[in-house]
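**Q** Have a look at the structure that comes next, please.
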Amino acid sequence: MSDEPIRDKDNGQADREAVDQGVRRLDVVVVTGDHPVFEGEADRVVAPAILGQISILPHHAAYLAVLEPGELVVRDGDQEESFAIGGGFIEVRDDIVIVLADSAERAHEIDIRRAHEARRRARTLVRRYRNQPESQAARQALRRSRARIKVAQRISRR
Ligand code: ATP
């Protein structure tokens, strides 16, 4: 009888079979400039791309997109993690999803009062600078505050 370990005989066969049976999963990393926010497996990522909401599933084609402020959802079966992000980038390649976010907060990290104040300030600035270049920054601030309010309200709805 050979002393060869069983693991060597398998030689990655189990992994290949899992892939063939379509049970591939996503490896997801969410980082901001100053800290890692999330790292784990998922079966779906929904992100606020600048051209509209995108849904990433395993086997997705290689993809790179700019994100705008909004809600990022990482789903794993019936578990769901939601983040308010302040825009950034998403890259997808070989079932690895990397989100590089300008800011990212989970619901419980959001100061909802601060977000409401930010929304009020941003609305005033959007009105004041209508059709002027400054309105762009104000519109982004408005999106960030709306995303925070939306994600924060998920806690109270549970
Ligand atoms: P504000 O005008 O209230 O500062 P902002 O949209 O200008 O809001 P950002 O520049 O997006 O703020 O974020 C700066 C930092 O503050 C980031 O680290 C972000 O995570 C954090 N932050 C901003 N708003 C909130 C909030 N309402 N609750 C918790 N953290 C927040």
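**Q** Check Ile54: other-chain or 5+ apart residues with amide H under 5 Å from its amide H, H built from backbone geometry?
**A** Ala47, Ala49
**Q** Here is a further query. List the residues, sorted by chain then number, that are 5 or more residues from Ser103 or on another chain and whose placed amide H is less than 5 Å from its amide H.
**A** The answer is Gly86, Gly87.
**Q** May I ask you to sort Phe83, Phe38 by Cβ crowding, counting other Cβ atoms within 10 Å and putting the fewest first? Don't skip to the answer; put the middle values down first.
**A** Values: Phe83 24, Phe38 17.
Ordered from fewest to most neighbouring Cβ atoms within 10 Å, Phe83, Phe38 come out as Phe38, Phe83.
**Q** Explain nothing, just compute: Karplus ³J(HN,Hα) = 6.51 cos²θ - 1.76 cosθ + 1.60, θ = phi - 60°, for every residue of the range 93-109 in order, whole Hz, x for Gly and Pro.
**A** 7, 6, 6, 10, 10, 10, 10, 9, 9, 5, 7, 8, 10, 7, 3, 6, 8
**Q** How large is ³J(HN,Hα) for each residue in the range 115-129, as worked out from phi by the Karplus curve 6.51 cos²θ - 1.76 cosθ + 1.60 (θ = phi - 60°), to whole Hz, x for Gly and Pro?
**A** 5, 5, 5, 4, 5, 5, 4, 5, 4, 4, 5, 4, 5, 5, 9
**Q** Then there's this: Across the range 140-152, in residue order, what do the Karplus-derived ³J(HN,Hα) couplings come to in whole Hz, using 6.51 cos²θ - 1.76 cosθ + 1.60 with θ = phi - 60° and x for Gly and Pro?
**A** 5, 4, 5, 4, 4, 5, 5, 4, 5, 5, 4, 5, 4
**Q** Please say if the range 111-157 is rounded, prolate or oblate, where rounded means a/c under 1.5 for a ≥ b ≥ c the square roots of the C-alpha gyration tensor eigenvalues, and otherwise the choice is prolate for a/b larger than b/c and oblate otherwise?
**A** On the way: a/c = 3.77, a/b = 2.63, b/c = 1.43.
It comes out prolate by the Cα gyration axes.
Rule-based calculations on the coordinates, nothing more; no lab input. All values derive from a computational prediction rather than experimental measurement. For neighbour counting, all protein chains shown are included, and Cβ atoms are generated from backbone atoms with ideal geometry for every residue, glycine included.
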